[in-house]
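The values are calculated or read from the model by the stated rules, or taken from the named source; none is laboratory data. None of the values given here were measured: they were computed from a predicted structure. Using ideal geometry, Cβ is built from the backbone for each residue, glycine included, and neighbour counts are taken over all protein chains shown. Calculation scope for accessible area: heavy atoms of the full protein, side chains included, ligands and nucleic acids excluded. Shrake-Rupley method; radii C 1.70, N 1.55, O 1.52, S 1.80 Å.
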Amino acid sequence: MNSLVLSAFARIFFWLMIAVSLYILYRGHNEPGGGFVGGLIGASGFAILVLAEGVEAARTALRIHPVAAMGAGLVLALLSGLPGLLLEGSFLTHWWLHIGSFHTGTALLFDIGVYLVVVGGILALVLRFYEEDARS
């Protein structure tokens, strides 16, 4: 039987953890954080949904298969290195765009790729464990 308190607050915790993970993801190229840490926090948000509401609730919130997220993240991370390879002959030399105080670049694309790989990998593992536990 699931905890009524955990079920009631799971959606709030989920959205709060996703928001924090995206903040940590974005600030990662300037301060501590980035795709790996943000991905771990995001995956923890999905894990709370699994604990409170089950695997199907987490799969519905994720909207894509975890392995597809891993694949998309890997492709994005690899693509982020191509501009440096083509323009300077050095893979993963990042390019930056500055607009006033806002700046971003290919490093953010790399971090988003890492984020997707971490979220997909952790969730593939967690969802598989809970699916097997439900079968037995």
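Using a probe of 1.4 angstrom and keeping all protein chains present, the accessible surface of region 1-135 works out to 59 square angstrom per residue.
Projecting the Cα atoms of I18, T60, F46 onto the charge dipole of the chain, computed from C-beta unit charges around the Cα centre, puts T60 farthest toward the positive end. Once you order the gyration tensor axes a ≥ b ≥ c over the Cα atoms, which shape class does region 89-130 get: rounded for a/c under 1.5, otherwise prolate or oblate by comparing a/b with b/c? Cα axes put region 89-130 in the oblate bin. Across region 1-128, the relative contact order, built from alpha-carbon pairs under 8 Å that are at least six residues apart, equals 29 percent.
On a 0 to 90° scale, report how tilted helix 4-27 is relative to the longest principal axis of the chain, with both axes built from alpha carbons and the result rounded to the nearest 10. Result, in degrees: 10. Shape verdict for region 37-114, please, from the Cα gyration tensor: rounded (a/c under 1.5), prolate (a/b greater than b/c) or oblate. Prolate, since a/c reaches 1.5 and a/b exceeds b/c. So how tilted is helix 66-80 from the main axis of the chain? Cα-based, degrees 0 to 90, rounded to 10. Roughly 10 degrees, rounded to the nearest 10. Here the sum of -39500 (n - 2.57) over DSSP H runs of 4 or more residues, divided by the residues of the chain, equals -25500 deg cm²/dmol at 222 nm, to the nearest 500. When the P(r) is computed for the chain, the part past 18 Å accounts for 59% of the Cα-Cα pairs. Each label was represented as a point 7 Å from its Cα along the Cα-to-Cβ direction; for T104 and L87 these points are 1.6 nm apart.
Simple point charges give the picture: +1 on the Cβ of Lys and Arg, -1 on the Cβ of Asp and Glu, and for the chain a dipole about the Cα centre of about 160 debye.
A straight chain from L74 to Y23 at 0.36 nm per residue would run longer than the Cα-Cα distance by 16.3 nm.
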